[in-house]
1. Scanning region A:292-329 for residues that are aliphatic (A, V, I, L, M) and farther than 17 Å from A:ILE241 by Cα, which turns out most open to solvent (accessible area, probe 1.4 Å)?
2. On the given criteria, is A:SER339 of a type in the set (S, T, N, Q), under 29 Å from the mean Cα position of the chain (by Cα), away from chain B (no Cβ under 11 Å) and open to solvent by 20 Å² or more (accessible area, probe 1.4 Å)?
3. Filtering region B:334-356 down to residues that are at the interface with chain A (Cβ under 10 Å from one of its Cβ atoms) and surrounded by fewer than 20 Cβ atoms within 10 Å (Cβ to Cβ), which residue is farthest from B:LEU390 (Cα to Cα)?
4. Going residue by residue through region B:29-36, is there one that turns out to be facing chain A (nearest Cβ under 10 Å) and in contact (Cβ under 8 Å) with a residue 24 or more places away in the chain?
5. Quick one: is B:PHE214 in the same structural domain as B:GLY336 (by TED's automatic domain parsing), touching a residue at least 12 places away in the same chain (Cβ under 8 Å) and not hydroxyl-bearing (Ser, Thr, Tyr)?
6. Hey, among the residues in region B:361-378 that are within 11 Å of chain A (Cβ to nearest Cβ) and open to solvent by less than 10 Å² (accessible area, probe 1.4 Å), which one's farthest from B:ALA334 (Cα to Cα)?
7. Looking at A:LEU418, is it in contact (Cβ under 8 Å) with a residue 40 or more places away in the chain and surrounded by fewer than 18 Cβ atoms within 10 Å (Cβ to Cβ)?
8. For region A:254-280, which residues satisfy the criterion of being among the hydroxyl-bearing types (Ser, Thr, Tyr), surrounded by 14 or more Cβ atoms within 10 Å (Cβ to Cβ) and either touching a strand residue (DSSP E or B) at 6+ places or on another chain (Cβ under 9 Å) or more than 9 Å from every other protein chain (Cβ to nearest Cβ) (or both)?
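The values are calculated or read from the model by the stated rules, or taken from the named source; none is laboratory data. Bear in mind the structure is a predicted one, so any value in this text is a computation, not a measurement. Glycine gets a Cβ as well: all are built from the backbone with ideal geometry, and neighbour counts include every protein chain shown. With ligands, DNA and RNA removed, areas are computed over all heavy atoms of the protein, side chains included. Shrake-Rupley method; radii C 1.70, N 1.55, O 1.52, S 1.80 Å.
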Amino acid sequence: MTINIDLLISLSLIFVSGLLSFSLAKGRARLHLVNDEPLRSMPIYHGLYVSLWTILPSLSLLISLLIFKSNILNFVVTPYLSESIISLGLDEIIYVKSFLINNIANLTSLVESEFLSKDMAYSLNEKYYLGRFIIFSSLVSLSLIFSLITYRNLSIRFDARRKVEAIFKFIFFLFSTMAVLTTIGIIFSLIFETIRFFSHVSFFEFIFGTHWSPQTAIREDQVGSSGSFGAIPLFTGTLLITAVAMSIAAPLGLYSAIFLSQYAKPKTRDWIKPILEILAGIPTVVYGFFAALTVGPFVRSCGEYLGLTVATESALAAGAVMGVMIIPYVSSLSDDVMSAVPVSLRDGSLALGATKAETVKKVIFPAALPGIVSALLLAISRAIGETMIVVMAAGLAANLTANPLSAVTTVTVQIVTLLVGDQEFDSAKTLAAFALGLMLFTITLVLNIFAMIIVRRYRERYE
Amino acid sequence: MSNQNFKKRHRAEKRFKAYGLISIVAAASMLAVIISSMAYKAIPAFNNYTLNLEIDMSNQSSNSMIEDINYRGLLRDSLFSLFPEIEDRSEKRKLSKLISSSSSYILQDFIIENPSYINKKFYFNVLFTDDSDLFYKGYVDTSLPESERRIDDDEVLWLEYLYSLGRVKNKISSNLFLNGDSREPEVAGFFGATIGSLITIFVTLILSFPVGVFTAIYLENFAVKNRLTDFIEVNINNLAAVPSIIFGLLGLAVFINFFGMPRSVPLVGGLVLSLMTLPTIIITTRSALQSVPPSIREAALAMGASEMQVVFHHLLPAALPGIFTGTIIGLARAFGESAPLLLIGMVAFIVDIPGSISDPATALPVQIYIWADSPERAFVAKTSAATLILIGLLILINLVAVILRKKYEVKW
């Protein structure tokens with residue numbers, strides 16, 4: 001709590017100094033105007049120039065402090081752990097550390113706690129106040145230094161507007177690197193943890209192994225104590241469910257797109273399209289619930305009626321519901337590409353006496369094929385990465401089978417089951433989730449890039 | 001010959017058109033099936049059967065601590081007084097399990113709010129447990145063998161007896177909307193999860209809107225065409241198609257493990273969802289900026305405006321409706337997202353209503369997931385109701401976006 005108050009104090013320090021320098025610089029520029037001197041930039045830009053330089057350096061210091069807040073606090077607190085606590089084990093250490101961090105500002109609770117001697121408590125508390133003083137004073141002095149330097153720059157001829165715009169441009173550029181940073185963050189965190197995973201489990205066992213049971217036993221001597229991490233059943237399970245989903249989404253989506261782009265009147269189109277898009281807008285958790293509660297049992301009882309054994313969590317149920325979810329992705333993209341086929345091609349075919357169906361099959365479809373393929377690729381990548389439907393409606397056991405009536409598990413299901421709940425962070429079990437994540441990321445990335453390349457080539461052909 | 005061929009071709013034509021129509025009807029009817037099955041299953045979630053019990057507090061001394069009163073005992077005594085013939089201890093225990101175990105807390109809260117009831121005899125409505133409640137709602141098939149249902153024959157007799165006393169009332173219940181989560185289905189609600197969702201989405205909005213809009217402005221107006229810009233653009237397009245669960249992994253590895261942020265808090269949830277929403281906002285903002293005709297920009301430049309002034313005085317105001325629409329759609333997607341939140345621990349069982357970005361919280365879609373995983377049958381109704389509310393909210397949000405676009409969109 002006190003640390004939040006400290007944050008508030010720092011922010012107000014920064015912004016008050018920014019406001020002060022703004023009004024000072026603006027006032028000085030105004031003075032020139034009053035004296036009828038030819039000012040190059042408007043007074044407000046003078047103010048903005050100085051105040052931006054006052055605020056931004058200390059604000060970025062504050063942000064970096066915030067980002068590394070827990071690391072810094074950890075570093076401060078660690079020397080205060082007594083031998084007896086360190087010997088107690090990891091959980092205790094974490095607990096004591098978080099206690100010390102949370103109560104660092106509160107001298108009485110530090111003194112009363114059993115973790116610290118009285119002297120240590122006083123010294124830790126002193127360190128907190130010292131650190132606070134250092135942070136506040138460095139924020140203020142940073143602001144002061146930059147405002148003084150920039151204030152000295154101001155003159156009648158000074159082009160404050162251009163400088164301010166350059167600062168803004170730079171900020172915008174920083175924002176635009178966020179996307180790159182995110183990608184880098186994804187790649188690095190996945191690769192880093194995956195490398196750690198492969199120090200536990202060999203790469204070839206992971207890629208080519210056919211047995212997946214990540215439970216590590218409690219005792220060393222138990223059977224299967226190390227767990228086995230052969231990912232083949234997960235990939236086949238993912239493929240099976242994706243195949244079921246696509247066998248529903250591809251025909252329904254494509255025929256819907258053909259109807260919408262070739263047969264429907266513009267008015268019908270206007271209200272059918274949003275209805276289809278609602279299907280894409282429904283949260284996946286809803287589909288998952290629907291699949292687990294309604295479709296799964298329905299498929300099973302249908303199977304029983306036909307004399308087949310069907311698992312309640314069959315790949316068919318999960319895949320079918322996923323297929324419904326994906327219909328709009330297929331239909332709206334392929335609708336767009338089919339509508340983009342030049343009208344001259346269509347009219348030419350119709351003028352030669354072909355029916356609409358023949359035109360679609362022989363002219364429009366081939367012309368739009370690259371776009372349709374990329375729509376399907378994107379839909380497949382959606383299906384592979386889809387999580388909630390399979391978590392709720394597909395199984396947990398990794399069966400190596402191609403039978404859609406049996407229960408299979410997928411990559412995403414395993415990521416969720418490995419990482420939800422209590423976990424220690426160094427076990428092969430949790431690291432395996434990151435290895436699976438890296439596979440998933442790579443596969444979807446390749447599919448997306450392919451789709452993008454195909455679309456780009458296709459666009460070039462008709463533009 | 002050719003006539004026959006002609007007919008055949010036209011039959012094929014009709015068939016082809018029919019396939020298209022059937023596909024659309026099938027897709028649309030799936031939507032109808034999902035919503036109507038949810039609506040049908042949600043019906044029992046909106047009311048609760050309550051039992052009117054006479055609470056006798058006349059021999060409680062008023063100076064005893066309110067928290068120390070044995071509320072559970074009071075409720076039991078009152079319930080047992082309706083069944084004077086039951087003496088057996090285990091039978092009594094079974095009897096007391098007909099009413100919700102949360103009743104004693106509800107009674108306690110009631111007494112704390114109205115201390116004047118101490119020393120008095122009064123009537124108080126208590127909730128039934130989920131199983132008894134479902135029995136009254138007609139969801140227990142008494143023709144099944146006893147071992148296959150949650151309510152056995154004794155309990156059926158007792159519940160029917162209570163009903164014949166006229167003490168059982170069917171009340172519309174606001175628990176679902178106003179309570180936090182609970183292990184007892186009869187008092188569980190999604191208010192806490194909704195607040196958690198709202199806080200998370202607020203964080204998402206605060207972070208992703210400025211970053212997204214400014215990124216789009218930079219790429220659209222200021223960026224020099226070079227390798228770096230190209231790389232950034234490809235990156236954004238790719239990020240838009242990365243599975244959401246990958247963002248969860250990123251949040252877990254970077255925010256929680258590396259930066260040491262706490263688990264289960266809306267701050268981390270908002271961070272993760274904002275990274276996920278960012279590409280959507282950037283892409284829609286760019287297309288909104290592109291749709292402003294170049295003549296506007298050229299006119300402003302010709303009048304001596306700087307690049308920055310062109311953007312902030314002319315392009316941005318004109319593109320704002322489109323930007324808002326894109327942002328709303330992006331946020332709606334984030335609102336319905338649950339997979340990344342599972343990985344950063346927002347799947348915990350949380351009773352308290354979260355009050356800040358650093359309180360443990362869960363989100364509405366995750367609450368649906370948690371309830372769907374619970375074995376109690378009464379949660380099916382709760383889950384369906386929460387699902388309906390979620391879909392309704394999302395359709396509403398999207399409708400607002402569409403209306404906003406229709407109303408403020410500038411036609412050039």
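1. Pass one, region A:292-329, residues aliphatic (A, V, I, L, M): A:292-293, A:295, A:299, A:306, A:308, A:310-311, A:315-318, A:320-322, A:324-327.
In the following step, the residues that additionally are farther than 17 Å from A:ILE241 by Cα were identified as A:293, A:306, A:308.
Working: A:LEU293: 47, A:LEU306: 130, A:LEU308: 81 Å².
In this case the residue turns out to be A:LEU306.
2. Values: of a type in the set (S, T, N, Q): yes; under 29 Å from the mean Cα position of the chain (by Cα): no; away from chain B (no Cβ under 11 Å): yes; open to solvent by 20 Å² or more (accessible area, probe 1.4 Å): yes.
Against the criterion (of a type in the set (S, T, N, Q), under 29 Å from the mean Cα position of the chain (by Cα), away from chain B (no Cβ under 11 Å) and open to solvent by 20 Å² or more (accessible area, probe 1.4 Å)), A:SER339 does not qualify.
3. B:SER356
4. Yes.
5. Numbers: in the same structural domain as B:GLY336 (by TED's automatic domain parsing): yes; touching a residue at least 12 places away in the same chain (Cβ under 8 Å): no; not hydroxyl-bearing (Ser, Thr, Tyr): yes.
Judged against the criteria, B:PHE214 is not a match.
6. Looking at the filtered set, the residue picked out is B:TRP371.
7. Working: in contact (Cβ under 8 Å) with a residue 40 or more places away in the chain: yes; surrounded by fewer than 18 Cβ atoms within 10 Å (Cβ to Cβ): no.
The answer is no for A:LEU418.
8. Within region A:254-280, the first condition is being among the hydroxyl-bearing types (Ser, Thr, Tyr), and the residues that meet it are A:255-256, A:261, A:263, A:268.
Still in the list and also surrounded by 14 or more Cβ atoms within 10 Å (Cβ to Cβ): A:255-256, A:261, A:263.
Once the filter is applied, which keeps residues that are among the hydroxyl-bearing types (Ser, Thr, Tyr), surrounded by 14 or more Cβ atoms within 10 Å (Cβ to Cβ) and either touching a strand residue (DSSP E or B) at 6+ places or on another chain (Cβ under 9 Å) or more than 9 Å from every other protein chain (Cβ to nearest Cβ) (or both), region A:254-280 yields only A:SER261.
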